[in-house]
Amino acid sequence: MQCPLLYRFRVIDKLPEKPSEAATRGTLVHAVLERLFDAPAVDRTAPRAKALIPGQWDRLREAKPELTELFDGDPGGERLAGWLGEAERLVERWFSLEDPTRLEPAERELFVETELDSGLRLRGVIDRVDVAPTGEVRIVDYKTGKAPRPEYAEGALFQMKFYALVVWRLRNVVPRRLQLVYLGSGDVLTYDPVPADLERVERKLLALWDAIRLATETGEWRPRPTKLCGWCDHRAVCPEFGGTPPVYPLSVRPAEPVEAVQGRMEPVRSEAGQPVAPEGP
């Protein structure tokens, strides 16, 4: 949805991407918040959470040795110390937004997968699922960045509606609430979905998958320039920056006339959201 050519580079060409400090810090903070719930409720304090950071950072580096490249050229460790300090501040801010001593998540880092009637398979990992004694479900996702402006809130909620759709189709339960916790700005964004919302998301995903299948068959993956291009690892092979993409690794067939496919592409043009990773060619 953000950029078809970037999707090709990541999913089909599988071009490597350098780890970023921001994304890695997000992974670290997520791991800390997940592990904190291993402790009894009374011990879920900010000092305990911050104390988990060094150990979780060690585990991350062990699992992904390439992360050590993030702090090359930092022999004194000043950059690393500042980076870990920011992770501490994000973790501490969470305690001003939620009280973990009063929460008992039903699931943490829950992998969900379902297949729609169309045959399209959807999957994802949900940060936290809370279930009330009455059976109502709340889906919670942590974000280490800042909350979007109101006019961009719909794009931010797309990921959560995606999760809600998967849970609905998988368990026949519409989540009562979707909650985005923005640790970077200290905001909480909530939304209460209804079946009609999730049906619209399903139609949008089907249209998006039609567009992906068409681009896969024809090899027509067009770049979609935005302000996010400045953070892209693939500018050297992007036509928008004078680059040439790698040779397309799949066989192609002639494209249909533009007017025949335009209607299929239209539903996925306007709204930016989190990338979706369904199975496919």
| message | For the structure I just gave you, tell me whether Val129 is open to solvent by less than 20 Å² (accessible area, probe 1.4 Å) and farther than 19 Å from Val29 by Cα. | response | no
| said: I need every pair where a residue in segment 192-219 that is in contact (Cβ under 8 Å) with a residue 40 or more places away in the chain has its Cβ under 6 Å from the Cβ of a residue that is open to solvent by less than 30 Å² (accessible area, probe 1.4 Å), sequence separation at least 6 or different chains. | reply: Val201/Lys161; Val201/Leu165; Glu202/Leu165; Ala207/Val268; Leu208/Val268; Trp209/Leu120; Ala211/Val268; Ala215/Trp221
| Taking segment 133-159 as the search range and keeping residues that are touching a Pro at 6+ places or on another chain (Cβ under 8 Å) and assigned to a helix (DSSP H, G or I), which one is nearest to Val29 (Cα to Cα)? | Ala156
| message | Being free of Cβ contacts under 8 Å to residues at least 60 places away in the same chain, open to solvent by less than 60 Å² (accessible area, probe 1.4 Å) and not in a helix (DSSP H, G or I) is true for just one of Gly184, Gly243. Which residue is that? | response | Gly243
| request: Can you run down the residue pairs with Cβ atoms below 9 Å, 6 or more apart or on separate chains, where the first is in segment 33-50 and within 13 Å of Glu107 (Cα to Cα) and the partner is of a type in the set (A, V, I, L, M) and surrounded by fewer than 17 Cβ atoms within 10 Å (Cβ to Cβ)? | output: Phe37/Leu103
| note | Of the residues in segment 164-181, those that are open to solvent by 20 Å² or more (accessible area, probe 1.4 Å) and either in a helix (DSSP H, G or I) or closer than 20 Å to Glu98 by Cα (or both) come to Trp168, Arg169, Leu170, Arg171, Arg176, Arg177
| query | Is there any pair with a first residue in segment 72-98 that is open to solvent by 60 Å² or more (accessible area, probe 1.4 Å) and a second that is in a helix (DSSP H, G or I) and hydrophobic (A, V, I, L, M, F, W, C) whose Cβ atoms are under 8 Å apart and which are 6 or more apart or on different chains, and what are they? | reply | Arg79/Phe71; Glu88/Ile53; Glu92/Ala46; Glu92/Ala49
| remark: Within segment 1-38, the residues that are assigned to a helix (DSSP H, G or I) and charged (D, E, K, R) are Arg8, Arg10, Glu21, Arg25, Glu34, Arg35
| Assuming Ala156 fulfils every condition listed in (1) open to solvent by 30 Å² or more (accessible area, probe 1.4 Å); (2) aliphatic (A, V, I, L, M); (3) at pLDDT below 95 apart from one, which condition is it? | (1)
| Can you name every residue in segment 207-239 that is more than 22 Å from the chain's Cα centre (by Cα) and among the small types (Gly, Ala, Ser)? | Ala215, Gly219, Ala236
| message | Of everything in segment 145-167, what is of a type in the set (Lys, Arg) and either within 11 Å of the chain's Cα centre (by Cα) or more than 17 Å from Val181 (Cβ to Cβ) (or both)? Give them in sequence order. | response | Arg149
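The values are calculated or read from the model by the stated rules, or taken from the named source; none is laboratory data. Since this is a predicted model, take the numbers as computed values, not measurements. Neighbour counts run over all protein chains shown; Cβ positions are idealised from the backbone, glycine included. Heavy atoms of the whole protein, side chains included, go into the accessibility calculation; ligands, DNA and RNA do not. Shrake-Rupley method; radii C 1.70, N 1.55, O 1.52, S 1.80 Å.
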